[in-house]
1. So how many residues does the range 73-107 have that are within 20 Å of PHE54 (Cβ to Cβ), in contact (Cβ under 8 Å) with a residue 60 or more places away in the chain and part of a helix (DSSP H, G or I)?
2. Here are some conditions: (1) within 17 Å of MET13 (Cβ to Cβ); (2) buried (at least 16 other Cβ atoms within 10 Å of the Cβ); (3) over 10 Å from the mean Cα position of the chain (by Cα). MET133 meets all but one. Which one does it not meet?
3. Which condition breaks for LYS99 when tested against (1) at pLDDT below 95; (2) in contact with a Pro (Cβ under 8 Å, 6 or more places away or on another chain)?
4. Inside the range 1-24, can you point out the residues that are modelled with pLDDT of 90 or more, loosely packed, with under 13 Cβ neighbours inside 10 Å and within 19 Å of the chain's Cα centre (by Cα)?
5. Taking the conditions exactly as written (surrounded by fewer than 22 Cβ atoms within 10 Å (Cβ to Cβ) and touching a residue at least 24 places away in the same chain (Cβ under 8 Å)), does ILE147 satisfy them or not?
6. I need a count of the residues in the range 108-124 that are assigned to a helix (DSSP H, G or I) and either over 12 Å from ARG82 (Cα atoms) or free of Cβ contacts under 8 Å to residues at least 12 places away in the same chain (or both).
7. Being touching a Gly at 6+ places or on another chain (Cβ under 9 Å) and either of a type in the set (Phe, Trp, Tyr) or buried (at least 17 other Cβ atoms within 10 Å of the Cβ) (or both) is the filter here; which residues of the range 86-98 pass it?
8. For the range 38-45, state whether one or more residues are touching a His at 6+ places or on another chain (Cβ under 7 Å), surrounded by fewer than 16 Cβ atoms within 10 Å (Cβ to Cβ) and not hydroxyl-bearing (Ser, Thr, Tyr).
Amino acid sequence: MAAKKKAASTKVMLARLDGFSRRNWRVEPGDVTRLRKHKLPPMGNFPGVFYANFNTFWLGENIQVIRQLALDGDMDVKALNRMAAALLERHAGRLAKWKLTNTVKLVKELAAYFAANGPRSHAQIVAVTEATMLAMDRVNCWIDAMIPWADLDAKLKLNRAPK
C-alpha cells in the first residue's frame, strides 16, 4: 500500500496538482523527454511509448471512476480513499517502468494522501480527482502526441482472424 509518510492537506495537494499541470502545459515535460530516449530491446522506444500512453490513459479512467463514485455519494469517503490509494499505487508502479519519475513522484504523493484519509468529504475527493485528471491527462496528451497514429493506421496490417 502507499508509503506511510505525513500526507498533505487537501489545499496543499490541490496546489501541488495545479503546479504540476501548469509546468507541463506548454513545454514538453522532462518525463516525456526521458521517455523519448528510453529504449528496450529489440524494439527501441516504441513499446515504452505505447505502454506509457495506455498507462496514463487508464490512470485517468480510474480516477474518473473514483470521481463519479464521490459525486454519486453512495460510497463511504474512507472506502473511496482506500480504493484511490490502491489504484494510484498500482499506477505508480506501472509508470515507473517508463522513467516517468516526476509523474511517479506525484502519483505516489497522491496515493499517500488518499491512504492517510486526506479527503474528508465527497466534495474534497471530487476536487482532488478533477485536478488529478487534468494533471495526468496533460502528461498523456504529450505522450499520445509522440505516436504517429495516422501513419500507423495506413501502414499497419493486422493479423486476420483464423479460419
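1. Counting residues in the range 73-107 that are within 20 Å of PHE54 (Cβ to Cβ), in contact (Cβ under 8 Å) with a residue 60 or more places away in the chain and part of a helix (DSSP H, G or I) gives 7.
2. That leaves (3) as the condition not met.
3. Every condition holds for LYS99 apart from (2).
4. Within the range 1-24, GLY19, ARG22 meet the criteria.
5. Details: surrounded by fewer than 22 Cβ atoms within 10 Å (Cβ to Cβ): yes; touching a residue at least 24 places away in the same chain (Cβ under 8 Å): yes.
It is true that ILE147 is surrounded by fewer than 22 Cβ atoms within 10 Å (Cβ to Cβ) and touching a residue at least 24 places away in the same chain (Cβ under 8 Å).
6. So in the range 108-124, the residues assigned to a helix (DSSP H, G or I) come out as 108-115, 122-124.
With either over 12 Å from ARG82 (Cα atoms) or free of Cβ contacts under 8 Å to residues at least 12 places away in the same chain (or both) added as a condition, the list becomes 108-109, 122-124.
Total satisfying the criteria: 5.
7. From the range 86-98, those touching a Gly at 6+ places or on another chain (Cβ under 9 Å) are 97-98; that's our starting set.
Answer for the range 86-98, where residues must be touching a Gly at 6+ places or on another chain (Cβ under 9 Å) and either of a type in the set (Phe, Trp, Tyr) or buried (at least 17 other Cβ atoms within 10 Å of the Cβ) (or both): just TRP98.
8. Kept after step one, since they are touching a His at 6+ places or on another chain (Cβ under 7 Å), are these residues of the range 38-45: 45.
The next check asks that each one be surrounded by fewer than 16 Cβ atoms within 10 Å (Cβ to Cβ); those that pass are none.
Scanning the range 38-45, I find no residue that is touching a His at 6+ places or on another chain (Cβ under 7 Å), surrounded by fewer than 16 Cβ atoms within 10 Å (Cβ to Cβ) and not hydroxyl-bearing (Ser, Thr, Tyr), so the answer is no.
The values are calculated or read from the model by the stated rules, or taken from the named source; none is laboratory data. Note that the coordinates shown come from a computational prediction; the quantities given were computed from them, not determined experimentally. With ideal geometry, Cβ positions are generated from the backbone for all residues, glycine too; neighbour counts draw on all protein chains shown.
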